[in-house]
Structures are given as C-alpha cells and as structure tokens.
1. Can you give me the relative contact order of segment 385-487 as a percent, contacts being Cα pairs under 8 Å and 6 or more apart?
2. I'd like the carbon and sulfur percentage of the solvent accessible area for segment 486-607, probe radius 1.4 Å, heavy atoms only, ligands and nucleic acids excluded.
3. Please compute the net charge surrounding residue 673, taking Lys and Arg as +1 and Asp and Glu as -1 over other residues with Cβ under 11 Å from its Cβ.
4. For the chain, give the share of DSSP beta bridges that are antiparallel, in percent and rounded to the nearest 5; count only bridges with both residues there.
5. Over segment 613-663, give the accessible area per residue in Å² for a 1.4 Å probe, as an integer.
6. Report the calculated FRET efficiency for residue 418 and residue 318 (r = Cβ-Cβ distance, R0 = 30 Å), to the nearest 0.05.
7. Which order do peptides 708-715, 659-666 fall in by mean Cβ count within 10 Å, highest first?
8. From the gyration tensor of the Cα coordinates in segment 361-501, what semi-axes in whole Å does the equivalent ellipsoid have, largest first, with each one equal to sqrt(5λ)?
Amino acid sequence: MTPPVRESLCKQYLSHFDDPIIKILLFAAGLSTVVSLIQGSGFLDILGIIAAILLSTGIAFFNEYRSSREFDILNATRDDMAVKVVRDGHPSSVPSRDIVVGDLILLEAGDAIPADAWVYTSDDIFTDESAFTGESEPVPKEPRERVLKGAFVTGGKGQVIAGAVGDATQMGVIASSLGIDHTTQTPLEQKLEVLARFISKFGYAMAILISVSLFIRGVMVGEVTGLNLETVNYILYYFMLAVVVVVAAVPEGLPMSVALSLSLAMRKMTRANCLVRRLIACETIGSATTICTDKTGTLTKNQMEVVESSAGNPVHMDDLPQTPAAWITLNAAVNGTAHLEDRENRVIVIGNSTEGALLRWLRHNSLNYMQIRAETHVTKQYLFDGNRKRMSTVVRIGGRPYLLVKGAPEILAALCIVTPDLSGISTLASRAMRTLAFAHKEITDGDESETALIWDGYVGIRDPLRDNIAESVATCQHAGIRVRMVTGDNPETARAIGQDSGILRNGTVVTGSAFRTLSHEEQVTAAKELDIMARAEPMDKLLLVKALQETGDVVAVTGDGTNDAPALKHADVGLAMGIAGTEVAREASDIILLDDSFSSITNAVLWGRSLYENIQRFILFQLTINFCACILIFIAPLMGYQEPFTIIQILWVNIIMDTLAAFALCSEAPHAGLMNRRPVSHDAKIISPFMWASIIVTGTFFIIMGMLQIATGFLGGTTPAEVMTVFFAAFILGAVWNGINCRALDGKMPPFFKGNPTFFAVMSAIVLIQILIVQYGGAVFGTVPLSFDQWITIIVVSASVLIVGFVLRVSYRFLNAKKKQDSVQE
C-alpha cells in the first residue's frame with residue numbers, strides 16, 4: 001500500500017509555531033528588536049527570547065520525530081514477507097510487495113493473505129477475518145469466494161487468484177480514507193489557548209497602562225516638556241519599560257514546560273507499554289470521559305479457549321483411563337486433526353479452532369498432546385460431519401479397541417446408556433459459550449457404531465477475556481470514564497462478555513443496524529445510554545464516536561483491526577494494538593499499546609492526568625512570578641524608584657529558571673487520588689480557584705516585600721546597586737521557596753521527598769546558579785557581590801513565603817470542609 005503522505009521535517013517543525021504562546025513570544029521578540037535598533041543596545045535580550053522559542057519548539061519536534069521513527073520500525077518488515085506463487089507454471093517465492101493482479105497464490109494454514117483474492121481451489125480453507133469483521137471464529141472458504149488482504153489462513157490449504165493489491169484492496173481503501181486530517185483541538189490545547197489570550201491581554205493592558213501613567217507623571221514632574229530631544233529620550237524610556245512589562249507578563253518558559261512535561265510523560269508511558277505517536281495525546285488520554293473498545297483482540301484474547309469443564313482439569317494417564325477427566329484428556333488429544341504452532345511469540349492453531357482450544361487447554365495444564373498421540377494407537381477416524389454433529393476415533397489401549405466420541409451435547413446425550421443431566425450445559429450456553437461433550441465405549445464384536453456410549457463430561461469454550469480486564473474496566477469506571485464495547489458478535493455473546501468484564505451496567509445493548517437507521521439527533525441521544533453495540537460494521541463505530549463527541553465527551557477508541565481504523569482516526573485519542581494490530585490501525589492511532597493489553601490504558605490515563613496536574617503546578621509557579629514582576633515594574637517607576645528588573649534579569653527568571661522549575665515540578669510522580677475523581681471537564685479552566693487565590697495572595701506578598709526592599713533596603717544594602725541586587729536575589733530565592741507551595745494543588749501537598757526527589761535537586765541548582773550570577777555575573781546581570789551574612793538573611797526571610805502557602809492550604813481545606821458540611825445539612 002502507498003505509505004501515508006507525511007509532512008516534511010521542515011513543515012513538522014514549523015507546525016509547532018502555531019502555539020498561541022509562541023506567537024506572543026515572536027511578537028515580543030519583534031518589539032524588542034525595534035527598541036534595540038533605536039537604542040543601539042539590548043540585542044542580548046532578543047537572543048534570549050529567540051532561544052526560548054527554539055528550545056520549546058525543538059523539544060516538541062524531537063520527541064515526535066523519535067516516536068515516528070520507533071513506529072516505522074514496527075512496520076518495517078511487513079512488505080518483506082515471502083509469498084508462494086505460481087508464475088509461468090513454476091512455483092516461486094516473492095516478497096508480498098511484488099504480488100500483482102492475476103498472480104496464482106499458494107496458501108496454507110498460518111499464512112497471511114497478501115492481496116484481496118478469489119479462491120481457485122480449496123482444501124478446507126478457513127480464514128480469520130477478525131481484523132475486518134470483529135468475529136473471532138474462522139470462516140470456511142469455497143472456490144469463487146473472496147478472501148481479504150490482512151486476513152490469516154487458520155486451516156486447510158488451497159490456491160487463490162489475486163484480484164486487488166495495495167491501495168485497491170479493502171484494507172487499502174480504508175487506509176486511504178484516513179487521509180483527512182481532523183484539526184479538532186485537544187482539551188489541553190484549548191485551555192492553553194484561552195490562557196494565552198488572557199496573558200497577552202493582561203501584558204498589553206499593563207504595557208499601555210505603564211506607558212500612559214509614566215507619560216502623565218512625566219508631564220507633571222517636568223520630564224516631558226515639549227518636542228525636544230530630552231522628551232524623546234524619556235518617551236523612549238517609557239516605551240522600553242512597556243516592552244519589559246510585556247516580556248515579564250509573557251511566560252516564555254510555559255511552552256518549554258509543556259514540551260518538557262509531555263516529553264517526560266511520553267517516556268514514562270513508553271516504559272508502561274504505551275508508544276505515543278502524537279505528543280499531545282499524552283494529556284488527552286487523561287481527559288478521556290469514555291472509551292469505545294473493540295472486543296476481539298482487545299478485551300478478549302482472540303483465541304478460543306476452554307474456560308469451564310465438568311470434570312475439572314485434564315490429567316496425566318497411565319495406560320487405560322480410569323476417571324472421566326482422564327477419558328476427556330485422551331479424547332481431547334487424540335480425537336482431532338488440529339495442531340498448535342509457535343510463531344513469532346504467538347501460538348497459532350492449524351486446523352479447527354475448537355480443537356485448537358482443547359489442545360491449548362492440555363498445554364496449559366502441562367500435557368503434551370503430541371506425546372499422547374504418539375503413545376496412542378489410532379486405527380480409524382470418522383471426521384466431523386455437519387449432519388452428525390460429532391467426530392469419532394477408534395483407538396487401541398492395552399490391546400482392546402475403544403471408541404472416543406466428541407460433539408454436540410444434546411446429540412451425544414441421546415446416544416448414551418444413561419441420559420446425563422444437561423442443566424450445567426444450559427448455564428454455559430446462557431453465558432454465550434460453545435459447549436462440547438465427550439463420551440466413549442469399549443468396542444465389542446466389531447461394533448464401532450456411536451451407540452451405548454458412556455458419558456464423560458463436557459467443556460465450555462469461548463474467546464476469553466484478557467487477564468485483569470474486569471479490574472481495568474472497574475478502575476476506569478471509578479475514575480469517571482465510561483467504557484463501551486463495539487463488536488461484530490451477536491447481542492447474546494456481546495452481553496455475556498459485557499457482564500463478565502463489567503462493561504454492561506445500566507446501559508443498553510444496541511445492534512449496529514438499529515443504530516445506523518436512527519436519525520442523527522436520535523443517534524446522539526442513544527449514544528448517551530449505550531453500553532454495548534453488537535453486530536457492528538466498520539462505520540458504525542465511527543458513527544458512535546461522532547455522536548459521543550457531540551455530547552461533549554472526550555472519546556478514546558481502542559482497536560486492532562482494519563475495521564477500527566476510521567474510528568481510531570476520528571477519536572480524540574486512538575489506541576491501537578502493537579502486536580495484533582494491523583498496519584492500518586497503527587497508522588490511524590495516536591498511541592500504540594505495545595503489549596496489546598487494555599489494562600495498559602489505565603496506566604496511560606494515570607500518566608495523562610498526572611501530566612495535566614504537573615502543567616498546572618508550573619502555571620501556578622510561573623504566573624505567580626509574572627504577576628508580581630509586572631506589578632513591581634509598574635509601581636516602582638511610578639513611585640519614582642528605578643525599574644526593579646532589567647530585561648536580561650526577566651529573561652533569566654522567565655526562561656532559564658522557569659525551565660529548570662518546569663523540569664522539577666513536572667517530575668512529580670502520579671498519586672492514587674488521580675484515579676478517584678472524574679476527568680477534568682472540557683469547560684473547566686486550567687487555573688483552578690485555589691490557584692487564583694494562591695497567585696493573588698502570594699503575588700501580593702512578593703509585591704509588598706519587594707517594594708519594602710526597594711524603598712527601604714530592610715534586607716540589606718548600603719548603595720542603590722546593592723539594594724537592587726539584594727532585591728533580585730531575594731525575589732529568586734522567594735520563588736524557589738514558593739516552588740514547594742506550588743507542589744500542592746487544591747490545598748493538598750504530595751509526599752514531601754518521596755513524591756519528587758528531582759524537585760529538590762533542581763531547585764538547589766537554581767539557588768547555586770543565582771549565587772554565581774550575583775557574585776560573578778555583574779557585568780551581564782547588573783548586580784554586585786553580596787556578603788555571606790546578607791545571603792543568610794535573604795535565605796531566611798524569603799522562606800517566609802512558606803508560611804503564606806501553609807496558611808492558604810489550611811484556609812482552603814477549612815472552607816471546603818465547611819462547604820461540604822453545609823451542603824449535607826441542606
């Protein structure tokens with residue numbers, strides 16, 4: 001198939017400049033350039049802003065590029081698969097990419113079908129088309145019937161004539177339909193855009209306010225006296241301060257912090273068997289409110305297995321079986337023609353899937369069916385017949401002949417000497433299991449007829465749930481995520497799987513055809529109550545996803561088959577299976593589950609929610625700093641003091657220090673409480689009420705303390721330069737202490753050291769760098785060296801912000817508790 005068209009690396013990189021905060025930074029860089037050209041200085045400040053832009057976009061681009069490379073490796077060998085064909089009358093082997101229409105292809109059990117084709121000859125060919133239909137049961141194929149590229153031959157052998165290859169196959173048609181790029185913004189992107197608009201309005205408003213205020217002040221104090229060079233210099237100075245305010249207001253470190261957060265979450269999720277193809281999907285999965293999952297291969301193992309047995313587990317035998325369990329063991333091993341084959345870490349059934357389930361059952365109980373067959377003398381077999389609904393094998397044990405029979409329970413029961421109780425079979429049938437009964441008799445006088453049998457028991461067979469599925473579904477539901485199942489199975493089977501997995505609760509079971517015939521408005525209404533969609537066709541899942549999205553749900557879709565691809569592409573986040581998933585499903589996905597386990601989704605949700613909280617922590621940290629810096633820059637000159645920060649100091653605060661702080665705060669480990677609440681809603685603000693309170697209260701504390709130092713030098717300083725250096729040092733150290741407060745969202749502090757040891761290492765590094773800047777970086781940063789005593793005073797006094805944070809958290813918890821108590825009383 002034609003590989004999907006991908007943007008050039010240049011376009012992929014430039015796409016990251018669409019971020020609204022990056023656009024604000026570009027504007028700030030342009031504004032700074034104009035001022036620097038007029039003044040003839042300040043170009044270092046511009047380089048700082050540009051460095052922030054390049055770093056944040058570069059991190060995001062590099063991570064997506066690396067993920068794309070890993071994804072390509074997954075699919076690297078697909079087109080090199082050797083296919084047996086007959087050309088010019090001679091058999092040969094060619095790569096699957098070289099198959100052309102009209103090729104006569106030789107197929108046998110275990111082969112992948114390389115093209116859409118028509119069956120030419122069939123020797124009991126059975127194909128697994130679950131990638132297209134969702135049905136785990138192999139389908140028999142007769143001459144003139146169609147087989148599809150991407151299906152597998154599970155039994156028999158034969159010849160097919162290629163009718164369509166590459167893009168013309170059904171798989172290719174579905175793949176080409178995925179080329180539409182859905183540009184729906186993720187919840188995080190929407191909230192960051194709203195935040196960017198707010199920050200830009202605040203910054204520009206402050207810039208205009210300071211320019212106008214200083215101009216009025218200049219007129220009043222005689223700085224602005226008319227059209228002369230001195231007035232122009234003062235106005236230029238006012239304009240420069242306005243630029244400083246814009247630079248201070250814009251969180252240059254925010255895009256970088258988001259990129260760092262996504263990068264850290266991406267690496268953690270890959271270790272948890274989730275390969276992230278689209279970086280922003282790390283957060284989107286944490287916002288998911290509903291998961292639409294395929295059944296076959298996602299919830300279940302996509303292989304028939306024995307899950308119930310009336311006689312218990314199979315047992316080892318010594319000569320003649322003495323118990324029903326021993327007779328069933330012998331019957332399951334000998335009375336069949338299927339084989340198991342280990343291929344690419346998967347067990348492939350060669351032959352009938354029901355017989356394969358019996359062989360898996362024996363293997364699971366440490367019994368070698370090949371050894372049992374080798375030790376048993378088989379004299380005759382009567383193969384399964386659709387009319388007889390049973391199969392028989394004649395064996396000799398200890399020199400005496402015995403007849404082993406298996407088949408439909410109601411048929412075998414009628415052939416037994418004593419009619420068995422079939423109530424247990426009815427129970428299994430009600431749970432959508434396929435039942436198979438076993439019986440035997442000793443052959444006397446050459447009578448090999450299937451009569452006068454001795455009933456041995458029965459087994460229940462079905463495609464079982466994967467390990468821990470019920471627990472994973474329960475975890476999702478507890479976290480406020482509704483899990484819905486979409487399957488091609490009949491409603492009875494779907495209902496049974498839904499009950500066992502915990503998906504079917506109080507919702508409805510609807511067939512795909514019934515959902516399809518509803519009007520669009522009726523589909524949206526029906527989707528809200530739907531737990532299971534049965535007998536679903538490929539586009540039915542897509543219709544369901546669209547309907548759920550219109551209700552406001554953030555929809556995650558899981559699947560492994562080609563039939564899942566349109567829904568995977570259209571979903572807010574698509575999750576494909578890495579082992580059993582088709583190439584088309586993988587290409588359509590945002591995240592690939594490397595272990596094919598639904599339970600990995602719960603880990604992805606946990607990391608996604610943790611990522612959102614960590615971004616909130618950094619926003620709280622940086623906006624507190626930016627808020628008080630803007631107000632200080634506005635107030636100080638207005639009161640006649642010199643500006644508190646130079647642009648290079650602001651860039652140190654907003655880019656380097658905040659980037660390090662982002663790394664520290666975004667390393668916060670997930671906590672169990674994340675899965676005990678509902679997903680953050682679409683319309684919820686990324687800045688919570690507690691965060692607003694913290695920004696305003698802590699920011700006001702910084703402003704008061706900062707102005708006191710500028711005005712009085714109470715922390716130390718005998719010269720103006722020394723006073724402003726102490727102010728700068730105390731401001732940075734106060735921000736570091738406030739980082740501890742920012743770890744607590746909504747008034748809850750995580751485990752102090754265990755939760756994030758990286759935080760303390762990074763914050764210590766910031767303090768060390770700040771000391772070096774003050775002591776040795778005066779030429780660049782406009783500082784003077786401070787004494788040891790002054791540093792001790794700064795460290796101790798700046799730590800008082802921890803008291804402010806503690807009071808805030810206690811007050812918030814008290815108000816919340818009182819609010820809950822009042823609501824209970826009402």
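1. Working: 143 pairs, mean separation 24.8, N = 103.
The value is 24 percent.
2. Exposed carbon and sulfur together represent 46 percent of the surface.
3. My count for the surroundings of residue 673 gives +1.
4. 75
5. Normalised by residue count, the accessible surface of segment 613-663 is 23 Å².
6. For residue 418 and residue 318, the calculated efficiency is 0.70.
7. Per-residue Cβ counts within 10 Å, averaged per peptide and sorted highest first, yield 659-666, 708-715.
8. 39, 18, 12
The values are calculated or read from the model by the stated rules, or taken from the named source; none is laboratory data. Keep in mind that what you see is a predicted model, and the values were worked out from it rather than measured. Heads up, the Cβs are rebuilt from the backbone with ideal geometry, glycines too, and the neighbour counts pull from every protein chain shown. With ligands, DNA and RNA removed, areas are computed over all heavy atoms of the protein, side chains included. Shrake-Rupley method; radii C 1.70, N 1.55, O 1.52, S 1.80 Å.
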